[in-house]
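What follows draws every value from the coordinates through simple rules; no lab data is involved. What you are looking at is a predicted structure, and each value in this text was computed from that prediction instead of being measured. Cβ atoms come from the backbone with ideal geometry, glycine included; neighbour counts cover every protein chain shown.
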């Protein structure tokens with residue numbers, strides 16, 4: 001019964017004739033010929049520098065190297081020992097560590113927080129091949145340790161980046177005095193390692209810019225390839 005009435009209803013619906021949509025002929029897009037880009041051979045425009053391996057060594061003439069050591073006086077029980085280890089390493093590698101000599105200058109500051117500013121000022125003079133920063137920050141019962149240690153690390157890194165002179169981070173950051181003393185002579189003296197890093201970096205930087213001491217700083221920063229070619 002449902003099928004019968006449904007069929008009658010469908011037959012009684014009005015019929016609307018469908019009109020086909022008009023046909024619009026498509027016009028092909030114009031063809032624009034592509035022009036190849038000009039080829040600039042890099043071998044003629046920019047002379048290639050010979051490839052080599054650079055690394056610091058301890059066999060070159062050490063007598064021409066100059067160092068500055070910036071020492072924080074706070075916690076001098078530790079920093080004095082670091083300085084002794086540093087001097088021992090430099091002396092055994094042929095550096096004259098005498099304060100009255102011409103190779104090492106010593107600058108004392110109140111504490112580790114003041115080390116970065118003086119290290120940057122010393123590096124800006126470009127009188128030294130490397131700067132060694134020595135200090136000791138020992139954790140106490142307040143957050144003072146975190147602030148001083150963080151600012152000392154950031155400041156020393158910034159001094160090296162801004163001047164192009166190796167600035168060695170030789171600031172001990174320990175939880176206890178015992179830990180600091182163990183790293184300043186009881187078990188090993190990290191002052192020796194800091195001096196060794198300074199010797200290696202001073203030698204490396206001389207290889208990277210062997211004849212550019214008299215070049216303007218702007219030329220070295222803006223066009224290092226030209227500076228190396230002209231050097």
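Numerical summary
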{"item": "Separation between Cα centres of segment 46-88 and segment 146-185, rounded to whole Å", "result": "15"}
{"item": "Taking only Cα atoms of segment 47-109, radius of gyration then Dmax in Å", "result": "16.0, 56"}
{"item": "Using a Förster distance of 35 Å, the FRET efficiency for residue 176-residue 51 (Cβ separation, nearest 0.05)", "result": "0.10"}
{"item": "Which of 16, 106 has the fewest Cβ neighbours within 10 Å, and the rest in rising order", "result": "16, 106"}
{"item": "Computed lengthening from residue 108 to residue 161, 0.36 nm per intervening residue step minus Cα-Cα distance", "result": "16.8 nm"}
{"item": "FRET E, pair residue 144, residue 66, Förster distance 35 Å, beta-carbon r, rounded to 0.05", "result": "0.50"}
{"item": "Three-way shape label, segment 62-208, alpha-carbon gyration tensor, a/c 1.5", "result": "oblate"}
